[in-house]
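The values are calculated or read from the model by the stated rules, or taken from the named source; none is laboratory data. The structure presented is a predicted model; accordingly, all values stated were derived computationally and were not measured. In this analysis, Cβ positions are derived from the backbone assuming ideal geometry, glycine residues included, and neighbour counts consider all displayed protein chains.
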Amino acid sequence: MLRFLLLDMRRAKVGAIPPDLCADTPPDLATMPEAHLAWLGHAAFALRLAGKLVLTDPYLGDVAGPFGFGPCRFVPPALRAQDLPRADAIVISHNHYDHIDTVALGAYRYRVETPVIVPLGLKPLLIGLGFQQVIELDWWQDWRLDGLTVTALPAIHFSGRGLFDRNRTLWASFGIASPEKNVWFGGDTALGPAFDEVGERAGPFDLALVGIGAYEPAAIMQAVHANPEEAIEIARKLRAKAAVGMHWGSIMLTPEDPFEAPARFRTAARGQQYGEDNAWIMQIGEVRGF
C-alpha cells in the first residue's frame with residue numbers, strides 16, 4: 001500500500017503556490033562562502049564545509065519514479081544537474097526515487113572526479129551511472145577528505161526501488177563536519193530513540209536538516225517520516241542549535257496540503273521551547289550562513 005501511495009499521487013491536488021517559495025535568482029554554489037548552505041529543493045542541499053562543496057540527495061529532475069511515472073515536481077529546482085559546479089562530495093541517504101535521481105546523476109558533469117558517499121548496497125547503482133569513486137558506509141562509519149568528515153548515522157526508514165528489493169540496501173542519516181561546524185542531514189526518517197544516541201555520540205550539531213513533509217496518513221507514514229512537530233523533537237534529541245525544514249514544497253508524495261508544514265514546524269518550535277528563530281524555513285535557491 002505504501003508503494004502505491006508514494007508512486008501514484010495523480011489524485012492529489014496542489015493549491016496556489018506561495019509567491020515566496022523560490023528565491024529570485026539561482027545560487028552561485030562555486031563562490032558560496034564557508035559555513036553556508038543552499039537549498040536546491042526537496043532534500044537537495046549544497047553545503048560549504050572545510051572549504052569543500054558537498055551535495056545531498058540531488059533529486060533535480062521532474063519526476064520521482066521509474067520510467068517517467070510518479071509524483072511530478074510542481075516547482076523547478078534551484079539548479080539542474082547539468083548546471084552544478086564540481087562538488088567535492090555527494091552524500092546520498094537511501095535509494096528512493098526522490099533521493100537517488102538517476103537522470104540528474106547521469107547528467108552531472110563531474111562523475112569521474114566527485115566521490116559519492118552512500119549506505120551499504122548502493123555502490124553498484126552509482127557505478128552504473130558512471131561514478132568512479134563510490135564509498136559505501138555502514139552506520140557509524142566515516143569517510144574523510146582533508147578537514148571534511150562524513151559519518152553515516154542511523155535513520156528510521158526503509159529502502160527499495162522496485163517490487164522485489166525492499167530493504168536490500170541500507171538507509172542512513174549523515175553527519176557532515178568540518179573542524180568548526182557540524183551538520184546533520186536526515187535524508188528520510190521517522191522519530192525514534194535512535195536520535196538520543198546520535199545526539200550523544202555525534203552531536204551536538206550546529207544545524208539539522210530534517211524532513212517535515214510527507215506525513216499523512218499518519219497510520220502509514222509515521223513509521224517512516226516525521227511530521228513537523230516530530231521534526232522539532234528530532235532536532236532537540238540531536239542537540240542541534242538550529243533546524244532547517246526540508247522534504248516539502250517540491251513534489252507531493254502524500255495527500256496533505258503541501259504548504260502547511262512550515263507553519264506547523266515553526267509553531268512546534270515555539271511550543272517545545274526550541275525557539276521559533278531556530279526553526280528555519282528557506283526558499284528554494286536561498287543561501288544562508290550558519
Note on region 150-169: residues in contact (Cβ under 8 Å) with a residue 60 or more places away in the chain and either buried (at least 17 other Cβ atoms within 10 Å of the Cβ) or within 19 Å of the chain's Cα centre (by Cα) (or both) are V150, A155, I156, H157, F158, S159, G160, R161, T169
Restricting attention to region 44-81, the residues that are surrounded by 24 or more Cβ atoms within 10 Å (Cβ to Cβ), in contact with a Gly (Cβ under 9 Å, 6 or more places away or on another chain) and without any contact (Cβ under 8 Å) to a residue 40 or more places away in the chain number exactly 0
Would you be able to say whether some residue in region 207-228 is at pLDDT 95 or above, outside any loop (DSSP other than H, G, I, E, B) and over 25 Å from D257 (Cα atoms)?
-> yes
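Are any residues in region 225-260 aliphatic (A, V, I, L, M), under 24 Å from G199 (Cα atoms) and buried (at least 20 other Cβ atoms within 10 Å of the Cβ), and if so, which ones? So that I can check it myself, show each step before the final result.
Keep residues of region 225-260 that are aliphatic (A, V, I, L, M), which gives 226, 231-232, 234-235, 238, 240, 242-244, 246, 251-253.
Subset that is under 24 Å from G199 (Cα atoms): 226, 231-232, 234-235, 238, 240, 242-244, 246.
A226, A231, I232, I234, A235, L238, A240, A243, V244, M246, listed by residue number.
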For I156, are the conditions met, namely being farther than 29 Å from Y215 by Cα and of a type outside the set (S, T, N, Q)? no
The condition of being surrounded by 22 or more Cβ atoms within 10 Å (Cβ to Cβ), part of a helix (DSSP H, G or I) and at pLDDT 95 or above holds, among F195, F174, only for F195
Within region 113-130, residues closer than 16 Å to V91 by Cβ and among the hydrophobic types (A, V, I, L, M, F, W, C) come out as V116, I117, V118, L120, L122, L125, L126, L129
Inset, instruction - Return yes when P204 is touching a Lys or Arg at 6+ places or on another chain (Cβ under 9 Å), surrounded by fewer than 16 Cβ atoms within 10 Å (Cβ to Cβ) and at pLDDT 95 or above and no when it is not. - result: yes
With criteria (1) assigned to a helix (DSSP H, G or I); (2) under 23 Å from I117 (Cβ atoms), R236 comes up short on (2)
Practice prompt. Could you tell me whether any residue of region 241-254 is more than 24 Å from R73 (Cα to Cα), in contact (Cβ under 8 Å) with a residue 24 or more places away in the chain, part of a loop (DSSP other than H, G, I, E, B) and touching a strand residue (DSSP E or B) at 6+ places or on another chain (Cβ under 6 Å)?
Written response: yes
Within region 82-118, restricting to residues that are of a type in the set (A, V, I, L, M, F, W, C) and part of a loop (DSSP other than H, G, I, E, B), the one that is surrounded by the most Cβ atoms within 10 Å (Cβ to Cβ) is I92
